[in-house]
1. Determine which single condition Thr13 fails, assuming it passes every other condition in (1) surrounded by fewer than 16 Cβ atoms within 10 Å (Cβ to Cβ); (2) over 16 Å from Asp125 (Cα atoms); (3) of a type in the set (Val, Ile, Thr).
2. Could you say whether any residue in the stretch 19-39 is closer than 27 Å to Ser128 by Cα, touching a Ser or Thr at 6+ places or on another chain (Cβ under 7 Å) and loosely packed, with under 12 Cβ neighbours inside 10 Å?
3. Do we have Gly51 as over 15 Å from Val31 (Cα atoms) and of a type in the set (Gly, Ala, Ser) here?
4. Looking only at the stretch 48-79, count every residue that is closer than 19 Å to Glu22 by Cβ and free of Cβ contacts under 8 Å to residues at least 24 places away in the same chain and tell me the total.
5. Conditions first: (1) within 16 Å of Ser123 (Cα to Cα); (2) in contact with a helix residue (DSSP H, G or I) (Cβ under 7 Å, 6 or more places away or on another chain). Leu91 passes all but one, so which condition is the exception?
6. State whether one or more residues within the stretch 157-171 are buried (at least 17 other Cβ atoms within 10 Å of the Cβ), out of contact with any Pro (no Cβ under 8 Å at 6 or more places or on another chain), at pLDDT below 85 and of a type in the set (Val, Ile, Thr).
7. Look at the stretch 11-31 and say how many of its residues are over 18 Å from the mean Cα position of the chain (by Cα) and not in a loop (DSSP other than H, G, I, E, B).
8. Restricting the search to the stretch 95-136, which residues are over 28 Å from Ala65 (Cα atoms) and among the aromatic types (Phe, Trp, Tyr)?
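The values are calculated or read from the model by the stated rules, or taken from the named source; none is laboratory data. Here the structure is a predicted model, which means the values were calculated and not measured. Don't worry about glycine lacking a Cβ; one is built from the backbone with ideal geometry, like all the others, and counts go over all protein chains shown.
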Amino acid sequence: MALIKNGLLVRDTFENAAGLDELPDRGAVLVSLDQWREHRDQLLRRRERLGLLLLSDQHPKEISADVHYFDLIALDFPGFRDGRAYSYARLLRERFKFTGELRAVGDVLLEQLHYMHRVGFNSFDLDSEQPLAEWKTAAGEFSVWYQPTADGRATATELRHWRNERLRASAM
């Protein structure tokens, strides 16, 4: 697997301990929701970077009061037909104000990277021979959007409005 973060190919610094019986003693760690619930105090005492893996049937409202503890939240795409992680990403960014790394994991497809990025994902765990090339293809695919999302880019309507305002101002 390859990790693309903020448009760059990077090394994953988190140890994936989700589902393991023993948590690592030190270092950045990615844990499951069950592990977070069971070992919350122990994990917080470690004072290390902390990540959480949420499965598609685990709504982020379950951790809404704790998002500030996480440096990374990984949302699982179990299959290309399951889009709950899109909604969860938007909730985490917009409603729960999560500002850390939001990672797409699981069945992450080239065709979906652009849309994942639009809703707030900034890292992608890709099973690809050329992950950076795939990211560049997805990132350059569109230049105008109709829906407002977590990425803050202007919509087609906003761009049209600003253009018309500039034309009116220059005509005066």
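1. The number of the failed condition is (2).
2. If we filter the stretch 19-39 for residues that are closer than 27 Å to Ser128 by Cα, which is where we start, we get 19-20, 27-32.
With touching a Ser or Thr at 6+ places or on another chain (Cβ under 7 Å) added as a condition, the list becomes 19, 28.
Within this subset, residues satisfying the condition of being loosely packed, with under 12 Cβ neighbours inside 10 Å are 19.
Yes, that holds for at least one residue.
3. no
4. 3
5. (1)
6. Initially, the stretch 157-171 is screened for residues buried (at least 17 other Cβ atoms within 10 Å of the Cβ), giving none.
Checking the stretch 157-171: not a single residue is buried (at least 17 other Cβ atoms within 10 Å of the Cβ), out of contact with any Pro (no Cβ under 8 Å at 6 or more places or on another chain), at pLDDT below 85 and of a type in the set (Val, Ile, Thr).
7. Number of matching residues: 0.
8. Trp135
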